[in-house]
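These notes concern the structure reproduced below.
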Amino acid sequence: MRAAGWQPTRNLSAKEVAVKALEEYFGARPPFPALAAGQARLARLKRQCDGTRGFDLWTGRAPDRIQLVSLTKAFNELNTMSNPAKTTNLQTPLQNLDEWEDFLKERYPDPAANAPFQATQPNKVREEFRNYETSARPSVREFYRLNHRHQSYEFVQSKKHEFLSLSRRRMSVWEAMEFLNSLVDDSDPDTDLSQLEHLLQTAEQIRQDGHPRWFVLTGLIHDLGKILCLFGEPQWAVVGDTFPVGCAWSDKIVFHEFFEDNPDVRVPRYQTRTGVYEEGCGFGKVHLSWGHDEYLYHVVKDHLPEESLYMIRYHSFYPAHREGEYTHLMDDRDKTMFQWVRAFNPYDLYTKSHERPDVNKLRPFYEDLIAEYFPSQLRW
Ligand SMILES: [Fe+2]
Ligand SMILES: [Fe+2]
């Protein structure tokens, strides 16, 4: 099962989807241990599907997003229970990508609600990190375990080779936004924003604060690299705090102990402070762990100002922009440009309100803005 969870198939009605889920469930021959728990969960899911929303699981009306999410949940859960061999947890420990971002917010709380904003937190001690690690949900912990185990120097090279020819699709920016929005995961449709809504909300907040148009556009597109999930990439290779590979891991990287499982631990030249790089070489020469930041940077790099490209490429590089680590690999340009990465971070992390942006009303403004910087199609 992919990170995006089960994907709706155009030809299946909601009824067929539900029936398929139930068939998978009851088709598995007992005994299997989750049966009793499964039945209770099934009853709950069915109530969720057809109770409060007036949606009848059995009428087969075309599902909207909310219904789809409920059905997807039912399908995934039942599928997993009926066939433990297909358990998705190995590749998709997070219920949804927001779980990682919620964990970031616990580590870096909203300054509006707490202490004054600090772009870097040099005084933060290892102890504090341990507290976040201890209180992290098991799913988040598992996510970091996989991320730190698999994001090796060689893994990053192989993903760059696999994706940076940009030969998968040709899409406009708006089409990519809609494509990303088709990612159906276990978000709660009542309270969680869709991917498209997160992008619009980030952009709108930047616009309200009177920033330049390219900055607004950056907010609009910054997470489009998450379409990697829709290409079948596991969560730990799409999101997560990024960090350099090929040199020693900073001890400010959360869940540092999980690096013990990374094959690079056995490569002495990757374990020195500068590793395969030179002091002050600049982040442009440094390979970061693979994810949505680096991928999108390559998609858009010919079209946006340098400030914007820094924001896109390094917005998940928390060890650098929030912890102040890896300055020995920065060049002067990085030091100047990281001001912009830091300026962008609060918009990314703290603008999520539950007020939904009006997509149809905003679309003309953003289509104009997109056209100002991008050709009608980009290679993805
Ligand atoms: Fe992001
Ligand atoms: Fe984001």
Report summary line: The simple spin-label model distance between ALA112 and PHE231, using points 7 Å out along Cα→Cβ, in nm, is 3.4
Query - Residue order, fewest to most beta carbons within 10 Å, for GLU278, GLU323, GLU101 - result: GLU278, GLU101, GLU323
Report summary line: Within the range 308-344, DSSP-loop chymotrypsin sites (Phe, Trp or Tyr not before Pro) with at most 14 other C-beta atoms within 10 Å are none
Report task. Please identify every one of the trypsin sites (Lys or Arg not before Pro) in the range 270-356 that sits in a loop by DSSP and has no more than 14 other beta carbons within 10 Å of its own beta carbon. Result -> ARG273, LYS301
Report task. Once you have the Cα-Cα distance between GLN339 and ASP102, take 0.36 nm times their residue separation minus that, and quote the gain in nm to one decimal. Result -> 83.0 nm
Query raised in the report: Between ASN360 and GLN157, how many nm apart are label points set 7 Å from Cα along the C-beta direction?
Result: 5.2
Query raised in the report: Under the Karplus relation 6.51 cos²θ - 1.76 cosθ + 1.60, θ = phi - 60°, what is the ordered set of whole-Hz ³J(HN,Hα) values for the range 340-351, x standing for Gly and Pro?
Result: 6, 4, 5, 5, 6, 3, x, 5, 5, 8, 10, 7
Query raised in the report: Could you put SER167, SER194, SER158, SER289 in order, starting from the residue whose Cβ has the fewest other Cβ atoms within 10 Å?
Result: SER167, SER158, SER194, SER289
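The numbers here are math on the coordinates, done by the rules we state, and not lab data. These numbers come from a predicted model, not from an experiment. Ideal geometry is used to build each Cβ from the backbone, glycine not excepted, and the neighbour counts take in all protein chains shown.
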